[in-house]
Each structure stands twice: as C-alpha cells, then as structure tokens.
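Just so you know, all these numbers are worked out from the coordinates, no wet-lab data involved. What you are looking at is a predicted structure, and each value in this text was computed from that prediction instead of being measured. Positions of Cβ are generated from backbone atoms using ideal geometry, with glycine treated the same way; all protein chains shown enter the neighbour counts.
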Amino acid sequence: MRRLLSSLAVASLLAGGARAQSTTTGSEGALFLLLPTGAQAVGMGEAMVAAKPGSEGIWWNPASVAGQEKRELAIHHSKTVAGVGDAFSFVLPSRSYGTAALSISVLDLGEQQVTDDLGQVIGVILPRDVVLAGTYAAQVTKRFDAGFSYKIIQLRVDCSGQCATVGAAVESSRAVDLGAQYRLSAGAPLTFGAALRNLGGRLNSTQTNQRDPLPTQLEIGAMYRLKFLDRYVKDTELRASASYVDTRSFGGKAVRFGTDVLYEGKVHLRAGYVGHDRRADATASLGFGLESGSFAFDIARTFGGIPADNGQSPVWISLRYLF
C-alpha cells in the first residue's frame, strides 16, 4: 500500500493530480524512473539532454559523459513527496577507450511499523526502489558523441523483526538508455541531443495484475552557449536549453526550458520551466551552483505541483568531486 500511495504521489507530482488517476495504467511501481536526478538538471527545468553536467548526465543522456576529462565521484540527494532519494556515481574517463561509469540510485519510500494484536511494534518494513546502472560513452567523431546505460531495476520490500505476515519481496526488471549528442562544429556553441530512456523491461502492476511496460521516455533538445553578457558583466556567459519529451504509457508530452548564468567559471545561477501538454500543471525551478577546486556543489528547488511531506517545496542537492 505504501508503494502504491507513493506511486500515485509521483504521478501527481509529474502530471498533475487531476490526471494522475487515469494515466497510471502502466506499471505504477516504476513511475519513480521519471523522477529527476541531480540539482543541475532540476535547476534548468530538466532540459539537459544536450548538456554535459558530469555524472548527472548519466540519468538524462548517457552520451553526455563522453569526452569527460576527469574522474568523478558524486552523490545526488533529493527529498520529494515520493520519498528520499540518493544516487551515487563513479565516472572513469579514458582518452583511448571512452568513458565508463557505475551508478546506483535508491529511493527510500519511508519505513512502516508492524504491530501485533496489542498494538506493540514487532517489526519494520522498508520499501525501496533501486536502480543499478552501468554506462559507456565515446566520442565517435569530433562532433558526435554516443552512449548507453544498462539498468537493473528493483522494487524491494525488506523487513526487520517479526514480519512473517508481510515478508520480504523483490521485483526486478532490466532496461537500457540510449543517447547521442551532436555539435555543429568542434567547439561550436550549439549542441543537439536525443535520448531514449527506460527502453525494454516489464514490471508487475498492482492495478492491472500483469507485467506492464516501463515508462519509456523519448527526449530531443538543444543547448546554446551565449557570451554576449560578457560585454556588460565581465567573465559571464549564458547557456540556454530547450527540449521536448514524450513518455510512453504515462501518456504525457512536455516541453522544458532552462537557463544557466555562469560567472567567472565558478558561480551558477539557474532557472527552468516545465510546461505540460494535456496535463494539469506546470513547474518552475531555481538553482544555484558553486565550483571550487575539485569540488562542485549544486542545489535546486521546484515550485508548483505537490510539495514535500513537510509542506516545503521539493529540494535537490548534488556534491561532485573531480580528480
């Protein structure tokens, strides 16, 4: 029941409450795959398919880590109405063999107590959604990058204490993400991107009592780097991005827009907007980032939709270490 309620909350967060009940005919247990990962992406309205945001890009376009020069360790934390999420990533680039990465994402739906007939606590149920991803990307040419991720998806219900009446359960599936990025010319400010995410695999649905497809998502978009701000504010540039998203089974199409103002190559101010087609709401976002030496810190919040359990807007925090 906790997983079902969380899935409906995710549907409402993503598509608006009025339409959530009618659009979860697919595998509602896998809707967490549509939740955003990373504060950079959220701050830019999730329009990241043509960007290169480091390890965050693994979850948006696996081709984005192609050409990365430094190794990276990162944690991407989120707190939303769906639960508390943490994604850990390690990126290992190679000049000769491309870039490989290993990531794990865990969404904690919140523990539940198990009580006996007297109301005494005798156990704890721990429902979690887990994704383990292996990624490889390479620069095919100076202009064209390609990559893919192979993902193992698990819906877990672990139990501690006396929970024989509930029992532990694991539901697993497999999926792949495919992505590409293309620059008009080497070093050009305009980049195009395309990604097909959550392709393949099925999971049992408690609503349809059958194995339903995962929410496959197609996204295409572009990012443009402008330096005209340097005329007015020294060492400042602006990145603008836009993308179009179509999600299978979930029945949604959306447009995404984002901007990132970079000052002296260290300070980021971001803003984004997600507009929904045939959905009940739209979402705005703001983000801030700071780079210092080998460390990069990012934070973002969204406005609109459903707030977190404590009534606050959902928040995303990312910490990256490059070496």
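For residue 174 and residue 113, a Förster radius of 45 Å and the Cβ-Cβ distance give a FRET efficiency of 0.85, rounded to the nearest 0.05. Using the Cβ-Cβ distance between residue 315 and residue 235 with R0 = 30 Å, the FRET efficiency computed as 1/(1 + (r/R0)^6) comes to roughly 0.55. Entry note: region 112-179 has Rg to Rh equal to 1.35, where both radii use alpha-carbon atoms and Rh is the Kirkwood radius.
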